[in-house]
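Notes to accompany the following structure.
The values are calculated or read from the model by the stated rules, or taken from the named source; none is laboratory data. Computed from a prediction, not measured in an experiment: that's the story for all the values here. Please note: Cβ atoms are built from the backbone with ideal geometry, for glycine as well, and neighbour counts cover all protein chains shown. Accessible surface is based on the protein model in full, side chains and every heavy atom, while ligands, DNA and RNA are left aside. Shrake-Rupley method; radii C 1.70, N 1.55, O 1.52, S 1.80 Å.
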Amino acid sequence: MDLHPKPVFEAIGGEAPLRRLVDAFYDRMDSAPEYAGIRALHPPSLSGSRDKLFWFLCGWSGGPDHYVERFGHPRLRARHLPFAIATSERDQWLGCMQWALRECALPEDLQKRLLTAFFQTADWMRNQAE
Ligand code: HEM
């Protein structure tokens, strides 16, 4: 057991690979019909969403705090309250992310580590019973 795993930011290879992951995630959401439900919650242009998720994930993974510098504390659950998020939306979000992790061909153990962490955050974002 590794008691001191590398911070995710380092393990993934820094900002450029993290940005590729975010772009793959939103490209998938923008093109696959099974994610039309959560795509419709987002603005017509995804460029702001791409930047925000990328900035957030930089800090969240142990890299530079771009998001907090611009917007302050993330308050992620509160910022998602305007959007109805139930199990289906959570699973769509995770489905896009799982696809993006594979598309970016990240090492298996890093994919698993990230997916477990994303599951916890996405599950906590649910604000509707069903
Ligand atoms: C559970 C399913 C989720 C849904 C349906 C969802 C949906 C959304 C939507 C519609 C927006 C607004 C986009 C915009 O303003 O351009 C947003 C913003 C955001 N989401 Fe999510 N999201 C989910 C989970 C997550 C997770 C797991 C994370 C982090 C790991 C995350 C991070 C963010 C961030 C950082 C923002 C920008 C917040 C802001 O500054 O306004 N989201 N999300």
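Values for this structure:
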{"item": "Pairs with Cβ under 6 Å, 6+ apart, first in region 112-130 and touching a residue at least 60 places away in the same chain (Cβ under 8 Å), second open to solvent by less than 40 Å² (accessible area, probe 1.4 Å) and within 8 Å of the ligand (Cβ to nearest atom)", "result": "none"}
{"item": "Residue, least open to solvent (accessible area, probe 1.4 Å), within region 88-102, restricted to residues that are of a type outside the set (A, V, I, L, M) and within 18 Å of LEU57 (Cα to Cα)", "result": "CYS96"}
{"item": "One residue from ASP123, ASP91 being within 9 Å of the ligand (Cβ to nearest atom), over 23 Å from PRO7 (Cβ atoms) and within 13 Å of the chain's Cα centre (by Cα)", "result": "ASP91"}
{"item": "Any pair with Cβ under 7 angstrom, 6 or more apart, that starts in region 70-81 at a residue that is in contact (Cβ under 8 Å) with a residue 60 or more places away in the chain and ends at one that is more than 6 Å from the ligand (Cβ to nearest atom) and open to solvent by less than 80 Å² (accessible area, probe 1.4 Å)", "result": "none"}
{"item": "Scan of region 18-62 for residues that are assigned to a loop (DSSP other than H, G, I, E, B) and open to solvent by less than 20 Å² (accessible area, probe 1.4 Å), ordered by number", "result": "ALA32, LEU46, SER61"}
{"item": "Test: PHE71 is in contact with a Pro (Cβ under 7 Å, 6 or more places away or on another chain), open to solvent by 30 Å² or more (accessible area, probe 1.4 Å) and within 11 Å of the ligand (Cβ to nearest atom)", "result": "no"}
{"item": "Hits in region 41-59 - residues which are near the ligand (Cβ under 9 Å from one of its atoms) and either free of Cβ contacts under 8 Å to residues at least 24 places away in the same chain or over 20 Å from ALA100 (Cα atoms) (or both)", "result": "HIS42, PRO43, SER45, LEU46, SER47, GLY48, SER49, ASP51, LYS52, TRP55, PHE56"}
